[in-house]
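The values are calculated or read from the model by the stated rules, or taken from the named source; none is laboratory data. Just so it is clear, the model here is predicted, and its values are computed rather than measured. Note that we place each Cβ from the backbone using ideal geometry, even for glycine, and neighbour counts take in every protein chain shown. Please note that ligands, DNA and RNA were not included when accessible areas were found on the heavy atoms of the full protein model with its side chains. Shrake-Rupley method; radii C 1.70, N 1.55, O 1.52, S 1.80 Å.
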Amino acid sequence: MIGRSTPLRIALVTLFPAMVREALGYGVLGRALERGLASVECVDPRGVAPDAHKTVDDRPYGGGPGMVGTPAPWAAAIDAATMQLPAGVPRVHLSAQGQRFDQGVARELAALPGFVLVASRYEGLDQRVIDDRIDRELSIGDYVL
C-alpha cells in the first residue's frame, strides 16, 4: 500500500461484522485504516435476508451434507458490497477449494482500487451464488478454520 494515491477499499461480506470491526482496530491493518491508507466496510447478509427470521443458510440445493449460504441474502449482500466500491472490482470468496493465497496474490489484490471479500461459513455458499456473483476463490491453506 506504500505509494498508493488512493486508499485500498475493501467491502467484506460477513455474518460477524461486529467481531471484524473490533479486530480491525489492531496491528498493521489498524494503523493502515487509521492513516487512511485503506478502508473496510462490512455487509451482513442477515441485514438483507428477505424473511422474518433473517435466514442465511440451508441444506445444499440438490442434497448433500452440511449447510450452505442461501442464495437470496448472500447474493443481495454481495451486490450491496459491490455497489460501495469502484466499478469492476473483483468479488473474492474465501473457500477451501480456492487458489492458495500467497504473497503474489496479496500484491495483486493490493494493486487494485479495491475488492469484495466474501467470508461464508459451514460448507460455503450455494453454488449458484458462486457461479453468478464470485469472480475468484482464495484459500489460506489446506485446513478449515
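Does the range 27-48 contain any residue that is open to solvent by 70 Å² or more (accessible area, probe 1.4 Å) and at positive phi?
No, the range 27-48 has no match at all.
Among the numbered criteria (1) open to solvent by 70 Å² or more (accessible area, probe 1.4 Å); (2) in contact (Cβ under 8 Å) with a residue 60 or more places away in the chain, which one does residue 59 miss?
Unmet condition: (2).
Go through the range 90-129 and give me each residue that's of a type in the set (Val, Ile, Thr) and buried (at least 20 other Cβ atoms within 10 Å of the Cβ).
Listed by number, the residues that qualify are 92, 116, 118, 129.
Kindly list, by first and then second residue, each pair from a residue in the range 117-144 that is in contact (Cβ under 8 Å) with a residue 40 or more places away in the chain and closer than 19 Å to residue 15 by Cα to a residue that is open to solvent by less than 50 Å² (accessible area, probe 1.4 Å) and part of a loop (DSSP other than H, G, I, E, B), limited to pairs with Cβ atoms under 6 Å and residues at least 6 apart or on different chains.
119/14; 122/66; 123/66
Which strands (runs of 3 or more DSSP E) does the range 1-117 wholly contain that include 2 or more residues that are under 17 Å from the mean Cα position of the chain (by Cα), among the charged types (D, E, K, R) and over 20 Å from residue 140 (Cβ atoms)?
Correct list: empty, since no element meets the threshold.
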